[in-house]
Amino acid sequence: MENNIRIAVQKSGRLSEESLKLIKECGIKFHNGAGKLKSTATNFPVEFLFLRDDDIPGYVADGVADLGIVGENELVEKNKDVTVLKKLGFSKCRLSLAIPKGEEYSGVGYFEGKNIATSYPKILGDYLKLKQVQAEIHEISGSVEIAPSIGLAEGICDIVSSGSTLMMNGLKEVEEIFQSEAVLICNNALPVEKQQIVEKLLFRMDAVQKGKKNKYVLLNAPNASIDKIISLIPGMRSPTILPLAEEGWSSVHSVISEDQFWENIEELRTAGAQGILVVPIEKMVL
Ligand code: PRT
Ligand code: ZN
C-alpha cells in the first residue's frame, strides 16, 4: 500500500521483544518469521523493517523509515535530526564511567590525561567537554569492559543496567553520564497522510501506556465509610458506587494509579474497606 508508514524496529536484541509487544498491544497484527527483514501488518497501514539498532536513527532521518524504536543512547550518539515522539519506558539503562575497583576515585578530574574506552565517543566527548576534562577517547565497538584488564584503557564508558558486568570485570561505576530508555522517533518531514496514520498509532500507544500505569480497583465498604474512601481513591471522574445485597454495604469501583493505591492501602483498610481487588487495565482512553 502506498500510504503505509514504515517503522524500523531492532531485529534481535534488547529492544526487540518489548518493541514488538507494544505494537501487538496496539492491536496491530503481523508476521515476523525468523530472519525476515520486512513485514506488513494485516490490519493497520504499517510495515516493519527489522534492522540493527545502530542503523535505525539514520534510516528514520533519511526517510527510508518513517518511525523507529531505538534507545536514547543510540539516538544521541548517532546525532541524527529526527523528532522524538514518545518515551516508551522500556530498555532503561545508563551510560556510566567505570574504573578498576582498586583505584581511588576523587571526582571526574581523575580522568584528566587518561585513556577511556567506549562505544559512545560522542556522548562521552560532550560530557568531558562540559566537565572540562581532557582525556583520550578510545573507540571500540564491543567488549568495552575488558579494556582496562588488557591494558587498552584506564577507564571505560559503557551501558550499565544491573551493574553485574562491571562487577564481574573488576570495575566500579564512578559517574553516571546519561540515562536512556527506548523512544519512538519520527522523520522530520512526514507527508500529511502519513502523519494521520502516525496520530492513530500514537493514540493507541497512549491508551496502552495509560492502561499500564493505572489499575481498576474494586472494594466493599460500609455505607458510612464511603465518603472517606472516595477521598482516598480519586478516580478518573467519580467512582462507581453499587449497593451490595447485604444491607448497609456498597461496592466501590474506581481507576487509580498503582502508586496511589499503595500509598493509600492502609488508610483504605482503616476506613473500613474490605475485599479489595486490584485489576490490570489493558487499554485506557480518556
Ligand atoms: O545487534 P544490534 O546492533 O541491533 O544490537 P546491540 O548489540 O547494539 O544492542 P543491544 O540489543 O545489546 O541493546 C539495545 C539497546 O538496549 C541499547 O542501545 C540500550 O539502549 C538498551 N539496553 C538496556 C542495554 C542494556 N540495557 C544493557 N544492559 N544495552 C546494552 N546492555 C549491555 C551493556 O553493553 C553491558 O555489556 O549489558 C551489559 C551491562 O548490563 P548489566 O546488567 O550487567 O549492568
Ligand atoms: Zn547495535
Within the stretch 209-231, is even one residue in a loop (DSSP other than H, G, I, E, B), modelled with pLDDT under 95 and in contact with a strand residue (DSSP E or B) (Cβ under 9 Å, 6 or more places away or on another chain)? no
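Condition check ((1) under 26 Å from M284 (Cβ atoms); (2) touching a Phe, Trp or Tyr at 6+ places or on another chain (Cβ under 8 Å)) across all residues:
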| site | (1), (2) |
| --- | --- |
| K21 | yes, no |
| N32 | no, yes |
| K38 | no, yes |
| P45 | yes, no |
| D53 | no, no |
| Y59 | no, no |
| G63 | no, no |
| G68 | yes, yes |
| V76 | no, yes |
Any helices (runs of 4 or more DSSP H) falling wholly within the stretch 1-120 and containing at least 2 residues that are within 11 Å of ligand 1 (Cβ to nearest atom) and under 23 Å from R204 (Cβ atoms): 16-25, 72-78
Residue, surrounded by the fewest Cβ atoms within 10 Å (Cβ to Cβ), within the stretch 13-72, restricted to residues that are among the β-branched types (V, I, T) and closer than 17 Å to K86 by Cα: I23
Across the stretch 1-28, the tally of residues that are charged (D, E, K, R), at pLDDT 95 or above and more than 16 Å from ligand 2 (Cβ to nearest atom) stands at 4
Subset of the stretch 205-255, residues open to solvent by less than 70 Å² (accessible area, probe 1.4 Å), more than 30 Å from K87 (Cα to Cα) and hydroxyl-bearing (S, T, Y), comes to S225, T240, S250, S251
Condition (residue is within 16 Å of ligand 2 (Cβ to nearest atom), touching a helix residue (DSSP H, G or I) at 6+ places or on another chain (Cβ under 6 Å) and not polar (S, T, N, Q)) applied to the stretch 82-90: is it met by at least one residue? no
For residues that are open to solvent by 30 Å² or more (accessible area, probe 1.4 Å) and part of a loop (DSSP other than H, G, I, E, B), scanning just the stretch 259-286, find the one that is nearest to G235 (Cα to Cα). L286
I need the full set of residues from the stretch 142-173 which are among the β-branched types (V, I, T) and open to solvent by less than 50 Å² (accessible area, probe 1.4 Å), in order please. V144, I156, V160
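Give the residue that is farthest from S180 (Cα to Cα), with candidates limited to residues of the stretch 51-86 that are out of contact with any Cys (no Cβ under 6 Å at 6 or more places or on another chain) and among the polar types (S, T, N, Q).
Filtering the stretch 51-86 down to residues out of contact with any Cys (no Cβ under 6 Å at 6 or more places or on another chain) leaves 51-66, 68-82, 84, 86.
With the extra rule that they be among the polar types (S, T, N, Q), the set shrinks to 73, 79.
Working: N73: 6, N79: 15 Å.
In this case the residue turns out to be N79.
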List every residue pair whose Cβ atoms lie under 7 Å apart, where the two residues are 6 or more positions apart in sequence or sit on different chains, the first residue falls within the stretch 35-50 and is closer than 12 Å to R6 by Cβ, and the second residue, located anywhere, is among the basic types (K, R). A41/K29; E47/R6; E47/K38; F48/K38; L49/R6; L49/K38; F50/K11; F50/K36
Which numbered condition in (1) part of a helix (DSSP H, G or I); (2) polar (S, T, N, Q); (3) in the same structural domain as E246 (by TED's automatic domain parsing) is the only one that Q196 fails? (3)
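The values are calculated or read from the model by the stated rules, or taken from the named source; none is laboratory data. Everything numeric in this text was worked out from a predicted model, so none of it was measured. Positions of Cβ are generated from backbone atoms using ideal geometry, with glycine treated the same way; all protein chains shown enter the neighbour counts. The accessibility values were calculated without ligands, DNA or RNA, using every heavy atom of the protein model including side chains. Shrake-Rupley method; radii C 1.70, N 1.55, O 1.52, S 1.80 Å.
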